[in-house]
Amino acid sequence: MKRLVVLTGAGMSAESGISTFRDSGGLWDTYRVEDVATPEGWARDPQLVTEFYNIRRRELLNVRPCRGHELLAQLEQDYEVNIITQNVDNLHERAGSHHVLHLHGELMKVTSSRDPDNPRYIETLPPERPEVKLGDRAKDGSQLRPFIVWFGEAVPNIERATKLSAEADIYVIIGTSLNVYPAAGLIHYVPEGCPIYLIDPKPVQWNSIRSFTHIQKGASEGMKEFIEKLKIL
Ligand code: APR
């Protein structure tokens, strides 16, 4: 089976009703990145950060995968599909995708604030109790923090993502402005001769000499067109 590698961003989940970050009206218009998505913000005001992620979790529990997520999951019938996602939601998994690598963490998980990447301290919150309060403790006794990779923190899964990208037969990028590194740099590892598709309704800043086919549509319509293109590839 051919290896299809997919890099997704916030635009993938936009049609499910989750706002993107950098479109107008996006999350970073309402919140300051440095307040809610950095270790410094957490140190300054853990209450604000905890509540920000509580709100994000409640929002996630109220939405469902979109047609684009579902079509991606169905491609597993004909391709070996690996999804590398910058999204912290679990919509790929809920749509039925089996191989999802999260670069920026996972919203439904929480961890130790002392040793965040230690698998022993990572817990999944049950949907019926998605909220965290200050004073809730991880197994090492430290305050629970979101299992989110904040700006300024290392991206532990980038090596696996690089390897997957380097082994792709077909590469498709969906709904990311390619503003955030190291994720945006993954295109540099895609083998020469591997076709690259980009599904995004807007033009995207493309910092590579590699050519790509832009399907200028939203995730669901774009996935339909991509599947048509796969048939004649
Ligand atoms: N379908 C597909 N793409 C869409 C749709 C849609 N319906 N709607 C918007 N988009 C596109 C936008 O045109 C834009 O190119 O999705 C992209 C979203 O870009 P960003 O908001 O910058 O999101 P993303 O690239 O995922 O951000 C990367 O930044 O703040 C951090 O950690 C956060 O993982 C996130 C990272």
* Does any residue of segment 160-169 turn out to be closer than 21 Å to GLY11 by Cα and not polar (S, T, N, Q)? -> yes
* Asked: helices (runs of 4 or more DSSP H) wholly in segment 1-82 with at least 1 residues that are more than 14 Å from the ligand (Cβ to nearest atom) and open to solvent by less than 60 Å² (accessible area, probe 1.4 Å) - which ones?
  -> 39-44, 46-61, 67-74
* Looking only at segment 179-214, count how many residues are out of contact with any Ser or Thr (no Cβ under 9 Å at 6 or more places or on another chain) and near the ligand (Cβ under 8 Å from one of its atoms). => 4
* Residues of segment 137-174 satisfying the condition of being charged (D, E, K, R) and open to solvent by less than 40 Å² (accessible area, probe 1.4 Å) -> ASP140, ARG145
* Could you check ILE122 against (1) in the same structural domain as LEU198 (by TED's automatic domain parsing); (2) away from the ligand (no atom under 16 Å from the Cβ); (3) touching a residue at least 12 places away in the same chain (Cβ under 8 Å) and say which number it fails? => (1)
* **When residues of segment 186-233 are limited to those that are small (Gly, Ala, Ser) and either on the phi > 0 side of the Ramachandran plot or under 20 Å from the mean Cα position of the chain (by Cα) (or both), the one most open to solvent (accessible area, probe 1.4 Å)** => GLY193
* **Hits in segment 83-104 (condition: in a strand (DSSP E or B) and surrounded by fewer than 23 Cβ atoms within 10 Å (Cβ to Cβ))** => VAL100, LEU101
* Determine, yes or no, whether GLU128 is without any contact (Cβ under 8 Å) to a residue 60 or more places away in the chain and not in a loop (DSSP other than H, G, I, E, B). => no
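The values are calculated or read from the model by the stated rules, or taken from the named source; none is laboratory data. Predicted model, so just to flag it, every value in this text is computed and none were measured. For neighbour counting, all protein chains shown are included, and Cβ atoms are generated from backbone atoms with ideal geometry for every residue, glycine included. Keep in mind that these areas ignore ligands, DNA and RNA; they rest on the heavy atoms of the full protein, side chains included. Shrake-Rupley method; radii C 1.70, N 1.55, O 1.52, S 1.80 Å.
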